[in-house]
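Only one structure is covered here, and it is reproduced in the block below.
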Amino acid sequence: MTQVDFYILKNPEEAARALFACRLTEKAVQQGHQVYINTESAVQMLQLDDLLWTFRAGSFLPHAVDNGEDRGETPVLLGHNREPRNNHDVLVNLSNDVPPFFSRYNRVVELVAGNDAQRAEARERYRFYKDRGYTLNTHEIS
């Protein structure tokens, strides 16, 4: 069954959330995982695409934007409003909604910025997962 981890950031800024997504994705890839990052919008997807190249000096994190084509063994795919064709085992959800395809992943990561709106939306997603019996973990990040 899918494990769901909520990472609650103290920083309310969206930029902090995006940076944490990059760091977490880098760590997952270093551990041999393949990651699909589900974004809230096409604009957010393109911003994250740029950030993955520049978030840390000396870092190289191979990734691609999911355009519906088979992307082979790309360790990180970015997508918006579509179910990926590739088999990745970690889903990083930056959307305000639970993606309908979340259950095909071994692990779902929900990243929540430290602002009231993000926390309210995250509580709804938390209830969704909990009501369906998924294993939930919460991590407070300073």
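Observations
- Count of residues meeting criterion [over 12 Å from the mean Cα position of the chain (by Cα) and either among the charged types (D, E, K, R) or assigned to a loop (DSSP other than H, G, I, E, B) (or both)] in the stretch 98-110: 4
- Number of positions in the stretch 23-56 that are surrounded by fewer than 18 Cβ atoms within 10 Å (Cβ to Cβ), touching a Cys at 6+ places or on another chain (Cβ under 8 Å) and not in a loop (DSSP other than H, G, I, E, B): 1
- Of all residues in the stretch 1-22, those satisfying the criterion of being touching a Gly at 6+ places or on another chain (Cβ under 8 Å) and part of a strand (DSSP E or B) are ILE8, LEU9.
- Test for GLN44: is it more than 19 Å from ILE141 (Cβ to Cβ) and of a type in the set (S, T, N, Q): yes
- Within the stretch 18-67, being charged (D, E, K, R) and closer than 15 Å to LEU91 by Cα holds for ARG23, GLU26, LYS27, GLU40, ASP66.
- Within the stretch 33-56, the set of residues being among the acidic types (Asp, Glu) and touching a residue at least 24 places away in the same chain (Cβ under 8 Å) comprises GLU40, ASP49.
- Residue check for GLY114: surrounded by fewer than 17 Cβ atoms within 10 Å (Cβ to Cβ), at pLDDT below 95 and in a loop (DSSP other than H, G, I, E, B): no
- The residues of the stretch 57-92 include none that are free of Cβ contacts under 8 Å to residues at least 12 places away in the same chain and not in a loop (DSSP other than H, G, I, E, B).
The values are calculated or read from the model by the stated rules, or taken from the named source; none is laboratory data. Remember, it's a predicted structure, so these values are computed and weren't measured experimentally. Note: ideal-geometry Cβ built from the backbone for every residue, glycine included; neighbour counts use all protein chains shown.
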